[in-house]
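Notes follow once the structure below has been shown.
The values are calculated or read from the model by the stated rules, or taken from the named source; none is laboratory data. In this text, all values refer to a predicted model and were calculated from it rather than measured experimentally. Positions of Cβ are generated from backbone atoms using ideal geometry, with glycine treated the same way; all protein chains shown enter the neighbour counts. All accessible areas refer to the heavy atoms of the entire protein, side chains included, with ligands and DNA or RNA removed. Shrake-Rupley method; radii C 1.70, N 1.55, O 1.52, S 1.80 Å.
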Amino acid sequence: MINYFIDSHCHIQSIGNEDSTGRLWSSKGHLTQEAVIKASLDKNVKLMIAVGCNLKDSLLAVKLANNYSCVLPAIGIHPHETKDFLASNQFHQFEAMINDSIVAIGECGLDYYYHHSDPTSQQKLLIWQLQLAKKYNLPLIFHVRQAFDDFWPIIKDFLPLKAVLHSFTDDQKNLFQALDNNFMIGVNGIATFMKTDQEIEMLKSIPLDHLILETDSPYLTPVPYRGTINTPKNVFYITEYLSKLRKEDFNLIRHQTSFNTVKLFNLKGV
Ligand SMILES: [Zn+2]
């Protein structure tokens, strides 16, 4: 049995830094990377995957991972960052960051809910990141919001893929499509305030051997800490909620989700 948590998706590298995520971290008082990591380790979150959203943010994730063995870096260009990334033409610099310490490409994907970048550009950047993942044999962390109709046909050309649909809140149809592709399903604090029957049924129907836990901190603080800044230690409350909802043993969820995360990201020596 694995007796510790893994936060498979957080943004702790931006604590104290001035990008959009960094501003959110500092909006609720003074936090340091060291304090957040220590508090998470104290709550039995033994590993944290720091997920990059643009070139600078990905570099910060790599840098943080160099300083803390419990932090593992994923590098990616978030769909919101598409326009800026394409304009700055940073393809070469991004690819040059890939080495053995990187655990995944992401977060990458499509987001048609916010209109930060046009769909064609988002698709272009997603395809490029899929090609990189294939070239370097790395798993992917996908962010897909209101864009599954375009996402699935793009993915089809790259299968089989090791991947997670992070922060999954969509319907059962897209859940089953993801499971058909053998993708992991990332669940975070949103689960603790999902209310509709359809949402609850979807959460219950994720097979435990395809479920992984994440906080997406500093965003999406779970109940009962809504209104405070989210940190990786809160993965505990997501597990507690899922245990009650799905009528599965707390320790079993912790074990299986950590096991799934180790398997997905091919984590060695844990
Ligand atoms: Zn994220």
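Values for this structure:
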| quantity | calculated |
| --- | --- |
| Given (1) touching a residue at least 60 places away in the same chain (Cβ under 8 Å); (2) open to solvent by 10 Å² or more (accessible area, probe 1.4 Å), index of the condition Asn137 fails | (1) |
| Any hit, region 38-54, residues being open to solvent by less than 10 Å² (accessible area, probe 1.4 Å), within 16 Å of the ligand (Cβ to nearest atom), in contact with a helix residue (DSSP H, G or I) (Cβ under 9 Å, 6 or more places away or on another chain) and more than 23 Å from Tyr225 (Cβ to Cβ) | yes |
| Set Ala104, Ala96: member being over 20 Å from Lys156 (Cβ atoms) and within 20 Å of the chain's Cα centre (by Cα) | Ala104 |
| Verdict on Asp111 being surrounded by 17 or more Cβ atoms within 10 Å (Cβ to Cβ) and of a type in the set (Asp, Glu) | yes |
| Region 204-230, residues that are aliphatic (A, V, I, L, M), touching a strand residue (DSSP E or B) at 6+ places or on another chain (Cβ under 7 Å) and over 14 Å from His9 (Cβ atoms) | Ile206 |
| Subset of region 179-214 that is out of contact with any helix residue (DSSP H, G or I) (no Cβ under 8 Å at 6 or more places or on another chain), part of a helix (DSSP H, G or I) and closer than 24 Å to Val262 by Cα - its residue that is farthest from the ligand (Cβ to nearest atom) | Asp180 |
| Single unsatisfied condition, Lys233 versus (1) touching a strand residue (DSSP E or B) at 6+ places or on another chain (Cβ under 7 Å); (2) assigned to a loop (DSSP other than H, G, I, E, B); (3) among the charged types (D, E, K, R) | (2) |
